[in-house]
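Notes to accompany the following structure.
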Amino acid sequence: MKKPMEGMVRCSANYVPLSPISFLERSAVVYGERLSIVYGDVSYTWRQTRERCVRLASALSQSGVSRGDVVAAIAPNIPAMYELHFGVPMAGAVLCTLNIRYDSTTVSVLLRHSEAKVIFIDSQFLSVVEGAFKILSKQVSKLPLLILVSDPNQPSSCTKNSPSIYQESEYESFLALGKLNFEVRRPEDEWEPISLNYTSGTTSSPKGVIYSHRGAYLNSLAAALLNDMRSMPVYLWCVPMFHCNGWCLTWAIAAQGGTNVCLRNVTAKGIFDNICRHR
C-alpha cells in the first residue's frame, strides 16, 4: 500500500463536502445584484434570495427542525418553492416536494411515511392537505406544522371560519421570524440526504428516493453542461420543481448565476408572454 505524499493533509483549505448550498452562497457574492427570481411583478436579486433563504433556515430551526428532519412542500413553480430548495438544506433538513396532483389520502400516507415535521402548502392546494390532516389526526399524535404560501394573484381556498385541526403560519410572516446571522448548517458528510422524492405510484404505492448533497451537486452541474447552459441564463420554469427537484435545475440555475422565471400554470400563452417579456 502506497503512503500518501508528504504534506497531503485534509483540511478546510483543500476539502469541503460538496453541496448545492455553495451555489447560492457564491451567486450572492458574484451575481449579487443580478435578478435571481421573477414572478409576475415580484422579483429578487441573488443577494436578496440568499438573505431570504437564510431567514427561512433560521425560522425552521426556531420551529424545532433539526439536522436530518424532513420538511415537505406542495406548491407549483413559484418563488417560495425555489427558496425551499436552499432554505431547507441550509437548516440541515431534507426537502420533500410532493406532486400537486396527489389526493388527500396519498398525501397523508407520504406525510406519515416521511415523518415530515413541517409542510409548506400553496393556498390553491390547502383543501388537499386539510383532508390529509383529518386522516393523519386519527393515526399520529402530532401533526406537521403547516406554513401557508399565499399568492396575491390567486384566490385563496383558506376556510378561516371553520375550526382548524392544525397549527398554521403564513410564509412571509414565518420568514420574518428568521435571523440573518443564522449559522448555515452545511452537511458534515456530502453523503447526507438533501431531498426525498416519491414516485407517482403508477404500479403500486409511491416509493421514496433520496438525493445526497454530493449527488445533487454533481447532477446540477451535469444538467447545466448537457443543456449547453451558458453563464447567467434566463430560465423559464415549465418542468415542475416538485418533479425530481426540477431535474436538479433548481440548483443548476444558481450555479450559473441565472434568472429563474417562475410560471404557476404551464400554458402556451404564459410561455410566449414570458418569452417576450424576459427574452
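The values are calculated or read from the model by the stated rules, or taken from the named source; none is laboratory data. This structure is a prediction, so every number in the text was calculated from the model and none was measured. A quick note on method: Cβ atoms are made from the backbone with ideal geometry, for glycine too, and the neighbour counts reach across all protein chains shown. Quick note on the areas: whole protein, heavy atoms, side chains included, nothing else; ligands and nucleic acids left out. Shrake-Rupley method; radii C 1.70, N 1.55, O 1.52, S 1.80 Å.
For this structure, a couple of remarks:
- If the condition is being within 23 Å of residue 151 (Cβ to Cβ), open to solvent by 10 Å² or more (accessible area, probe 1.4 Å) and not β-branched (Val, Ile, Thr), then segment 233-264 contributes 235, 236, 238, 240, 242, 243, 249, 263, 264.
- Of all residues in segment 18-38, none satisfies being hydroxyl-bearing (Ser, Thr, Tyr), open to solvent by less than 10 Å² (accessible area, probe 1.4 Å), part of a helix (DSSP H, G or I) and without any contact (Cβ under 8 Å) to a residue 40 or more places away in the chain.
- Those helices (runs of 4 or more DSSP H) lying entirely in segment 70-137 with at least 2 residues among the hydrophobic types (A, V, I, L, M, F, W, C) and under 15 Å from the mean Cα position of the chain (by Cα): 79-90
- Checked against (1) of a type outside the set (D, E, K, R); (2) under 23 Å from residue 45 (Cβ atoms); (3) touching a Leu at 6+ places or on another chain (Cβ under 8 Å), residue 248 passes all but a single condition, namely (3).
- Residues of segment 155-188 that are modelled with pLDDT under 95, open to solvent by 80 Å² or more (accessible area, probe 1.4 Å) and under 24 Å from residue 67 (Cβ atoms): 167, 188.
- Total residues in segment 79-126, condition more than 15 Å from residue 147 (Cα to Cα) and aliphatic (A, V, I, L, M): 8
- Qualifying residue in segment 55-67 (condition: closer than 17 Å to residue 211 by Cα, in a loop (DSSP other than H, G, I, E, B), touching an Asp or Glu at 6+ places or on another chain (Cβ under 7 Å) and at pLDDT 95 or above): no
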